[in-house]
1. Using 1/(1 + (r/R0)^6) with R0 = 30 angstrom and r between the beta carbons of residue 186 and residue 119, what's the FRET efficiency to the nearest 0.05?
2. If each residue's Cβ is checked for other Cβ atoms within 10 Å, how do 288, 225, 193, 159 rank with the fewest at the top?
3. Roughly what would the spin-label model give for residue 244 and residue 279, points 7 Å off Cα along C-beta, in nm?
4. Relative contact order of the chain: what whole-number percent is it, with Cα pairs under 8 angstrom and at least 6 residues apart?
5. Put a dot 7 Å past each Cα toward the Cβ at residue 133 and residue 49; how far apart are the dots in nm?
6. Could you calculate the FRET efficiency of residue 31 with residue 73 from 1/(1 + (r/R0)^6), where r is the beta carbon distance between them and R0 is 51 Å, rounded to 0.05?
7. Going by how many other Cβ atoms sit within 10 Å of their own, how do 212, 287 line up, fewest first?
8. Compute the signed sum of charges (Lys and Arg +1, Asp and Glu -1) over the other residues within less than 13 Å, Cβ to Cβ, of residue 145.
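Derivation of every value follows stated rules applied to the coordinates shown; laboratory data play no part. Computed from a predicted model, the values in this text were never measured in an experiment. Here the Cβ is made from the backbone with ideal geometry for all residues, glycine too, and neighbour counts use every protein chain on show.
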Amino acid sequence: MSFFARLFGRRASKDNNDRHSSRRGGDPLAEIRPQLDVLRAAGFHLKGAPTSSFARLGGLPLVPEGFVWPRYKESPLAFICQIDLSEVPVIAGEPGLPTRGYLSVFYDQEQSTWGFDPADRGSWRVFYWDVPRDALFPAAAPIGLYEQALFPAKPLSIVPIRTYPGDSTPLIETLLSEAQFDAYFDLRDSVYVGEPSHHLLGYPDAIQGDHMEVECQLASQGIYVGDGRGYRDERLADIREGASDWRLLLQIDSDDDADFMWGDVGRLYFWIRRSDLARAHFDDVWMVLQCS
């Protein structure tokens with residue numbers, strides 16, 4: 001059953017499913033709870049902070065001496081957010097980000113790229129600086145940066161959250177029976193942080209589909225995936241194998257407070273290979289933009 005069929009059929013079936021669950025007196029997900037516990041991944045919600053913070057959306061970044069503002073097709077990128085990784089809580093047993101240093105994230109001020117074209121590379125940048133705080137200085141806005149792409153600063157606090165895979169991921173579709181989809185919706189709803197949904201790591205809150213790992217793998221390896229042709233490429237079998245190495249690094253939502261509007265109320269998803277994350281290498285991050 002498709003995602004939309006499950007979504008729109010949910011209300012009609014929910015009362016009936018609840019009655020059946022009540023008569024059984026059990027948890028519809030009980031038999032697969034161990035697998036779901038293994039799949040559950042820690043993430044970090046980036047929520048608005050009432051006071052000034054290093055972690056923030058928009059404004060101007062703090063950068064090391066010698067920083068050169070990144071450009072795409074001769075146009076400066078817009079600054080999106082910065083994070084002090086020492087402020088990110090460490091969760092035992094969860095491999096993740098470096099425990100020190102700073103991330104700064106930029107994206108095309110024209111919003112002309114969506115991540116499905118290999119030529120989109122360079123229209124976003126993620127910088128990692130492992131330097132002391134006093135080695136960072138306020139950057140000046142570059143010539144050519146549009147006024148509307150100089151976003152207002154929104155301080156952030158970093159809060160641990162639990163995340164589960166989307167219900168349309170192949171793994172979950174294989175794991176769940178038809179009768180368990182509603183209960184899985186409820187499980188994901190119970191840990192959803194609401195909107196705007198900005199977060200580090202964990203699983204994405206996908207808008208158009210839970211196959212971004214494959215898109216990142218193919219597009220980053222030179223295969224255009226803006227239509228169905230890329231999925232018929234003769235190189236697909238060899239290249240697609242690496243899709244499982246990709247994980248979400250950062251999700252940035254549309255946000256009125258920061259004047260972020262990605263497409264039609266969309267989200268930016270920045271993905272990184274696990275092997276790159278393990279060595280704190282952020283130069284090959286891939287971005288996907290999804291909207292309704």
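1. 0.10
2. So the residues, fewest neighbours to most, are 159, 193, 225, 288.
3. 2.1 nm
4. Relative contact order here is 22 percent.
5. Those two pseudo-labels are separated by 0.9 nm.
6. Once rounded, the FRET efficiency stands at 0.45.
7. Fewest-to-most Cβ neighbours within 10 Å comes out as 212, 287.
8. Net charge around residue 145: -3.
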